[in-house]
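Accompanying notes for the structure given below.
The values are calculated or read from the model by the stated rules, or taken from the named source; none is laboratory data. Quantities reported herein were computed from a predicted structural model and do not represent experimental measurements. Glycine gets a Cβ as well: all are built from the backbone with ideal geometry, and neighbour counts include every protein chain shown. These accessible areas exclude ligands, DNA and RNA; they are computed on the full protein's heavy atoms, side chains included. Shrake-Rupley method; radii C 1.70, N 1.55, O 1.52, S 1.80 Å.
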Amino acid sequence: MVNQRSGNRDDSTTAYKTSVREFLRTHGQVASKEQLRAGTAVPAWYIDQIASQDPFYTSLNHQGRYVASKHVVGHRSAHDGFWRPEVDDGIAVFHRKESTKATLKHLAFNRPSGLTAVEAKDRLDRPCYRALAALADDQEIHATEVTGTTVYTHRWPSRRDAQLSQRETDQPPTVSPPEPADDGFLYRDELLATFLSVAVSDIQSIPPERAAALVLRQFEGDSFDALERRIRRNYSLREALDYTEPEDVPDGTSLWRAFDELQPEELRDCLQSMCSEVLAGHDHAGEFILIDGTHIAAWANTREEIEDGDVDGASWGYHEGKFYGYKVFLVVDAASELPVAITMETGSRNDSKAFTPLIEEFDDRYDFEDIQAVLADAGFDSQENREQSQQRLDSPLLTVINPRRSKPLKAIKKEIKRLFKKHGDEIDSPYDAPERLPQKQLSEYGVEVGSVEETYIFQAIKERMHRHLRAGVERVFSRLKSFTGLDRVRARKENNVETHVVLSAVALVAASLTAKRQDKPGLIRSPSRLI
């Protein structure tokens, strides 16, 4: 008798499951418990306890009033696991993890930036404070106070630290430098005095005053003979360089020898010293750094030399078209728009491969403790570079998706572009963006959930939110080329070309430091005001 009753109950339960499934199938795959009671012959006790039945989920909001099939939730949910169908009361929220606590734990463990109670409420459409606090009390997740807000993260310290680091870049930054103020002008003799105060300790290969004359040459574009004449005729320049009489000024040949003997690493020491002084106390300095590269043409006497590839260190490459010459790479502080580190490579050098030497140069010279992100274009997009950025600088590398890496990423890049074109003003955090993307499974793009590509999608959305900062590096390259002659190379030895390149950055920063010392902050980014 017991076995017969048990068998009857199993048969009845199977019939109830079939009835509920059939009703859901004919009512948009989701229905309220009231609708199930009124529209099926399923007993009330089964519907009241339907959350305990394996084939069905109840909604995480509306006090579990709505019911959906587990199979449907699994197939219709977005890549974050949520399915949000419209119902009579607005939106019913379902998640592949089924229960509220399991869903919250999943979000706290897997969201790149952790989870707050407010964010949980937005996701689940119900208050989640008590449920999150209970999970933290049971040590299933970790709770950390960040600027007055509790952030729930993974229990492992390494994962937790990575999530908290990511949270710093969740909001679009407002660190762009202000427009130049009308602070008058800077004077060349003031700039020479500023540079000399630094060069005295950092320049050893040549007399510091000759190095200062070479900095002046970057602004003027003079030949060495013309530089000699300019200094001889200008009393204020001679006084700044401590040449008492015109006859004391070195001749053009001596100035050329000074240029030939000057070591690029000594100039980088000067660049580091000046940048550190300008950035000291600067608002938001060191929070976001920008990486980019440009090309400069090699200098040769004849076209035949270029075609034969006879110029030391130069090679054919592609950057905004084909060119023969070199590539220059910069690290720029976004807040001040200062070139804080600079390297030079041959023209054929791949941008991605130039990332590590540039980052090492920057990391060896500066100790920025609050870097929130490194921003770069698609040329630097690689997993190796992301790992280098995290390892060396303890900050994420946010790059534009390189569509050549894979077809799925190319398709997703197009979707993100359309998304920000249409909804850019409405996106305040990276979690707002997926809500507005077409609700397709990542597998439809050929991406497995939890893969590197999935991380790229999230990082690409963040990069898109921070893209306005990257314009700063283009402005820096423009100043270097327009005012300090970066692309007017008049040397063919590779070491001399590098000297010329680093001198350009040094000259630009010397003008910024002069503006700071002269209490003219509006001219820190205005070399055009140098007279």
Checklist entry - To the nearest 10 degrees, how steep is helix 208-220 against the longest Cα principal axis of the chain, on a 0 to 90 scale? => result 70 degrees
Checklist outcome for this item: GLU369 neighbourhood, Cβ < 11 Å, K/R = +1, D/E = -1, net charge -4
Item to check | DSSP beta bridges in the chain [antiparallel fraction, %, rounded to 5] | outcome: 85 percent
Next on the checklist: Given the options ILE47, ALA78, LEU124, identify the residue whose Cα lies farthest towards the positive end of the charge dipole of the chain (+1 on Cβ of Lys, Arg; -1 on Cβ of Asp, Glu).
Outcome noted: ILE47
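Find out how many positive minus negative residues lie around SER395, taking Lys and Arg as positive, Asp and Glu as negative, among other residues whose Cβ is under 10 Å from that of SER395.
Values: positive: ARG392; negative: GLU168, GLU287, ASP370, ASP394.
Net charge around SER395: -3.
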Checklist entry - To the nearest 10 degrees, how steep is helix 224-233 against the longest Cα principal axis of the chain, on a 0 to 90 scale? => result 70 degrees
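How many percent of the accessible area of the range 34-74 is carbon or sulfur, using a 1.4 Å probe?
Answer for the range 34-74: carbon and sulfur cover 49 percent of the accessible area.
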Next on the checklist: Taking amide H atoms as placed 1.01 Å from N in the peptide plane, list the residues 5 or more away in sequence, or in a different chain, whose amide H sits under 5 Å from that of VAL30.
Outcome noted: none
Checklist outcome for this item: When the charge dipole of the chain is computed with +1 at the Cβ of Lys and Arg and -1 at the Cβ of Asp and Glu, the Cα pointing farthest to the positive end, of THR26, TRP299, PRO157, is that of THR26
Checklist entry - What dipole magnitude, in Debye to the nearest 20, does the chain give about its Cα centre under +1 on Lys/Arg Cβ and -1 on Asp/Glu Cβ? => result 3020 debye
Checklist entry - Quick one: length gained pulling THR26 to THR13 fully straight, 0.36 nm per residue minus the C-alpha distance? => result 2.7 nm
Checklist outcome for this item: The answer for the range 188-284, accessible area per residue at 1.4 Å probe in Å², is 45 Å²
Checklist entry - Where does helix 100-110 land angle-wise versus the long Cα axis of the chain, in degrees 0 to 90, nearest 10? => result 20 degrees
Checklist entry - Where Lys and Arg each count +1 and Asp and Glu each count -1, what net charge lies around GLY74 among other residues with Cβ under 12 Å from its Cβ? => result +3
Checklist outcome for this item: On the formula 1/(1 + (r/R0)^6), with r taken between the Cβ atoms of ASP394 and ILE531 and R0 of 60 Å, the FRET efficiency rounded to 0.05 is 0.90
Checklist outcome for this item: So, with points 7 Å from each Cα along the Cβ direction, the THR244-GLU494 label distance in nm works out to 4.5 nm
Next on the checklist: If the only charges are +1 at each Lys and Arg Cβ and -1 at each Asp and Glu Cβ, what is the size of the charge dipole of the range 244-299 around the Cα centre, to the nearest 20 debye?
Outcome noted: 280 debye
Checklist outcome for this item: Pseudo-spin-label distance THR147 to ASP54, built 7 Å along Cα→Cβ, given in nm, is 4.7 nm
Checklist entry - Among [x] 3, 13, 15, 14, 12, 10, 9, 9, 7, 5, 2, 1, 0; [y] 3, 17, 28, 26, 17, 7, 1, 0; [z] 3, 15, 21, 19, 14, 10, 7, 5, 3, 2, 0, 0, 0, which is the computed P(r) over Cα pairs in 10 Å bins from 0, in percent? => result [z]
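For each pair in LYS70/LYS105; LYS353/LYS413; LYS101/LYS422, compute the distance between the two Cα atoms and list the pairs where it is over 29 Å.
Violating the 29 Å limit, Cα to Cα: LYS101/LYS422.
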Item to check | Nearest-0.05 FRET efficiency for SER429 and ALA44, computed from C-beta distance (R0 41 Å) | outcome: 0.45
Checklist outcome for this item: With the dipole of the chain defined by +1 on each Lys or Arg Cβ and -1 on each Asp or Glu Cβ, the option from ALA433, PHE477, VAL374 whose Cα lies farthest towards the positive pole is ALA433
Item to check | Accessible surface, 1.4 Å probe, highest first, among residues ARG490, ARG65 | outcome: ARG490, ARG65
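By how many nm would the segment from ARG418 to ARG436 grow when fully extended, if each residue of separation counts as 0.36 nm and the alpha-carbon distance is taken off?
Residue separation times 0.36 nm, minus the Cα-Cα distance, leaves 5.4 nm.
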